[in-house]
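First comes the structure, then the notes that go with it.
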Amino acid sequence: MSTPGDFKIHATDGEARRATLTTAHGDIQTPIFMPVGTQGTVKSLTPLDLEEMDAQIILGNTYHLYLRPGDDLVARRGGLHKFANWKRPILTDSGGFQVFSLQEIRKLSEEGVEFRSYIDGSKHFFSPEKAIDIQKNLGSDIMMVLDECVGYGADKDYTNKSLEMTTRWAKRCRDHYPKGSGGQIMFGIVQGGFYKDLREKSLEQLREIDFEGFAIGGLSVGESTKEMYDILHHIAPKMPSDKPRYLMGVGTPLDLLEGVSAGVDMFDCVLPSRNARNGTLFTSQGKINIKRAEFAEDDSPLDPECGCYTCRNFTKAYLRHLYMAKELLSYRLNTYHNLYFYLDLMKQIRAAIENGTFAELKAKYEAAYAKG
Ligand SMILES: CCOC(=O)Nc1nc2cc3nc(NC)[nH]c3cc2c(=O)[nH]1
Ligand SMILES: [Zn+2]
């Protein structure tokens with residue numbers, strides 16, 4: 001009988017790993033991309049859509065669900081899986097990032113973070129324990145500790161003090177929900193900004209705490225791709241090899257390939273769903289923007305290599321028309337394709353690691369996406 005948190009590596013190709021992570025709502029095949037369902041829904045898609053495209057796990061956002069409809073209300077409705085009728089695994093973030101990035105005014109102390117609701121301006125406070133209690137109410141399979149994600153350009157002294165508080169908060173989260181005390185598992189979050197020695201310090205402090213997995217926080221916060229890859233390749237291979245590594249908030253198709261090549265197993269990003277809503281679509285030949293006039297009478301599918309519902313049933317001409325007309329169906333068909341593309345890319349990555357051809361796959365997409 002496998003236990004939530006079990007992580008079995010089946011194959012490697014360089015630093016890349018092909019593994020299985022067990023959760024209370026089923027096994028997750030990694031490397032994996034997690035569609036973002038901020039308010040308990042992946043915008044414009046149904047759970048059936050997501051199952052059809054083989055989404056194995058989705059991300060829910062603690063900050064948003066706490067503010068509306070309330071984690072207590074969700075708990076009374078049987079938890080987020082029941083409430084949203086999503087039967088597969090869910091990862092909830094601690095909401096820390098949203099608080100830090102969406103709020104000008106917020107007060108940070110050893111105790112936790114005070115912030116105002118973006119809905120009605122009311123004052124709220126997240127302690128590490130409160131962030132875990134919310135995620136317990138939501139019933140997520142993977143909980144994230146409350147952390148401080150320092151902004152791009154934070155100085156070394158502030159970054160150091162911040163990572164030390166993040167470690168103390170991580171310890172409080174784990175003590176508040178000890179390993180094995182329920183079916184939910186918990187990931188620590190490595191901080192340390194863009195200072196390699198501080199990244200190592202954060203990791204050394206966190207690995208002392210018995211987490212089922214570790215995330216890399218503090219990236220994709222406005223830095224250049226080169227700066228992100230530099231930190232990524234420095235710290236990912238140093239993270240415990242027998243536990244899942246989750247790179248938060250990343251990224252483009254090339255970022256996913258680079259992350260896997262550095263040994264990352266899990267990713268989440270709003271890019272595919274958000275870009276779908278502004279007409280930027282990812283294809284096997286690179287990115288295209290469907291609003292371009294050249295597509296007005298183009299009867300070809302979005303992506304000839306894509307097997308998704310959108311590509312099998314509609315032309316670029318029709319998708320452009322929907323976008324220009326601001327039709328709701330544009331949202332849905334574009335999101336369906338972009339997420340299908342991301343999930344299919346991860347499927348190709350898993351197969352490539354199994355048969356030792358990951359480098360070739362990475363080169364193929366680097367060529368297709370070279371123009372950026
Ligand atoms: C979403 C996870 O929330 C947390 O529990 N903390 C956290 N979240 C992040 C989300 C991020 N998204 C991006 N780019 C789009 N970078 C991120 C960093 C963090 C983080 O350091 N810490
Ligand atoms: Zn498609």
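The values are calculated or read from the model by the stated rules, or taken from the named source; none is laboratory data. Everything numeric here is computed off the predicted structure, so don't read it as measured data. Ideal geometry is used to build each Cβ from the backbone, glycine not excepted, and the neighbour counts take in all protein chains shown. Surface accessibility is based on the protein's heavy atoms, side chains included, excluding ligands, DNA and RNA. Shrake-Rupley method; radii C 1.70, N 1.55, O 1.52, S 1.80 Å.
If you take the Cα centroid of region 55-94 and the Cα centroid of region 103-139, the two points sit 17 Å apart.
Would you mind working out the accessible area per residue for region 246-287, using a 1.4 Å probe, and quoting it in Å²? If you can, show how the numbers build up before the last one.
On the way: 930 Å² over 42 residues.
Per residue, region 246-287 has an accessible area of 22 Å².
Only Cα sites of region 33-229 enter the Debye sum here, all with the same form factor; the resulting log10 I(q)/I(0) across q = 0.08, 0.10 1/Å is -0.26, -0.41, listed in q order.
Near residue 79: Cβ cut-off under 14 Å, other residues only, Lys/Arg at +1 and Asp/Glu at -1. The net charge is +2. With no solvent and one point per C-alpha, what does the Debye sum give as log10 I(q)/I(0) for the chain at q = 0.06, 0.10, 0.11 Å⁻¹? Ignoring solvent entirely, the Cα scatterers give -0.22, -0.62, -0.76.
Residue-wise HN-Hα couplings along region 48-54, as the Karplus relation 6.51 cos²θ - 1.76 cosθ + 1.60 with θ = phi - 60° gives them from phi, are 5, 3, 5, 5, 4, 8, 6 Hz; Gly and Pro carry x.
Per-residue 3J(HN,Hα) values for region 352-369, derived from phi via the Karplus relation 6.51 cos²θ - 1.76 cosθ + 1.60 with θ = phi - 60°, read 5, 5, 4, 10, x, 10, 5, 4, 5, 4, 4, 5, 4, 6, 4, 5, 5, 9 Hz in sequence order (x marks Gly and Pro).
Let me have the 222 nm mean residue ellipticity of the chain computed from DSSP H runs of 4+ only, each contributing -39500 (n - 2.57), with the sum over all residues rounded to the nearest 500. Before the final figure, lay out the partial values.
On the way: 15 runs with 152 residues, N = 372.
It lands at -12000 deg cm²/dmol.
FRET efficiency for the pair residue 367 and residue 226, taken as 1/(1 + (r/R0)^6) with r the Cβ-Cβ distance and R0 = 22 Å, rounds to 0.70.
For a test of understanding, tell me how many lysine pairs in region 276-370 have Cα atoms under 17 Å apart, given they are 8 or more places apart or on different chains. Intermediate values should be presented prior to the final figure.
Numbers: 287/316; 287/362; 287/364; 291/316; 291/326; 316/326; 347/362; 347/364.
Lysine pairs, 8 or more places apart or on different chains, close enough: 8.
DSSP beta bridges in region 33-229, what fraction antiparallel, as a percent rounded to 5? Of the beta bridges lying entirely in region 33-229, close to 35 percent run antiparallel.
Length gained on full extension, residue 76 to residue 175, computed as 0.36 nm times the residue gap minus the Cα-Cα distance: 33.1 nm. Largest GNM mean-square fluctuation among 147, 299, 93, using the chain with Cα springs under 10 Å: 299. For region 33-229: lysine pairs with Cα atoms under 12 Å, gap of 8 or more or different chains, count? Close lysine pairs under the 12 Å cut-off: 4.
If r is the Cβ-Cβ distance from residue 124 to residue 291 and R0 is 41 Å, what FRET efficiency results, to the nearest 0.05?
Rounded to the nearest 0.05, the efficiency is 0.55.
Fully extended, how many nm does the chain gain between residue 168 and residue 326 (0.36 nm per residue separation, minus their Cα-Cα distance)?
Working: separation 158, 0.36 × 158 = 56.88 nm, distance 4.77 nm.
Using 0.36 nm per residue and subtracting the Cα-Cα distance, I get 52.1 nm.
The 3J(HN,Hα) values that the Karplus relation (6.51, -1.76, 1.60; θ = phi - 60°) gives for region 122-139 are, in residue order, 5, 8, 9, 9, 10, 8, x, 5, 5, 4, 6, 4, 4, 5, 5, 4, 6, x Hz. Gly and Pro appear as x.
So what is the relative contact order of the chain, in percent, for Cα pairs below 8 Å that sit 6 or more residues apart?
Details: 698 pairs, mean separation 63.1, N = 372.
Here the relative contact order equals 17 percent.
Reducing region 8-52 and region 149-172 to their Cα centroids gives an inter-centroid distance of 29 Å. Modelled label positions at residue 298 and residue 197, each set 7 Å beyond Cα in the direction of Cβ, lie 5.1 nm from each other. Among the chymotrypsin sites (Phe, Trp or Tyr not before Pro) in region 274-372, none is located in a DSSP loop while being surrounded by at most 12 other Cβ atoms within 10 Å of its own Cβ.
Taking a ≥ b ≥ c as the square roots of the eigenvalues of the alpha-carbon gyration tensor, region 261-372 is classed prolate because a/c is 1.5 or more and a/b outweighs b/c.
Would you mind working out the magnitude of the charge dipole of the chain relative to its Cα centre, with +1 at each Lys and Arg C-beta and -1 at each Asp and Glu C-beta, to the nearest 20 Debye?
Working: 46 positive and 50 negative charges, 135 e Å.
Taking the Cα centre of the chain as origin, the dipole is about 640 debye.
By the beta carbon rule, with partners counted only under 4.7 Å, the chain holds these lone Cys residues: 149, 173, 269, 308. For the chain, the residue among 170, 240, 275 whose Cα projects farthest onto the positive side of the dipole built from Cβ charges is 275. Taking a straight line from the alpha carbon of residue 243, these aspartates and glutamates sit under 16 Å away, with near neighbours fewer than eight places off in the same chain left out: 6, 15, 27, 141, 204, 208, 210, 212, 265. If R0 is taken as 22 Å, the Cβ-Cβ distance between residue 117 and residue 274 corresponds to a FRET efficiency of 0.45. Applying the criteria of a DSSP loop state and at most 12 other Cβ atoms within 10 Å to the GluC sites (Glu not before Pro) of region 261-318 yields 297, 305.
Beta bridges from DSSP with both residues in the chain: antiparallel share about 50 percent, rounded to the nearest 5.
Summary of the geometry: region 245-259 and region 335-372, compared by the centres of their Cα atoms, lie 12 Å apart. For the set 10, 337, solvent exposure ranked by accessible area (probe 1.4 Å, protein chains only) runs largest to smallest as 10, 337.
With each label modelled as a point 7 angstrom along the Cα→C-beta vector, the residue 6-residue 351 pair spans 2.7 nm.
Of the solvent-accessible surface of the chain, computed with a 1.4 Å probe and all protein chains present, 52% belongs to carbon and sulfur. Restricting region 289-330 to trypsin sites (Lys or Arg not before Pro) that sit in a DSSP loop and have at most 15 other Cβ atoms within 10 Å of their own Cβ leaves 291, 292, 326.
Taking the DSSP beta bridges with both ends in region 200-297, the antiparallel portion is around 50 percent.
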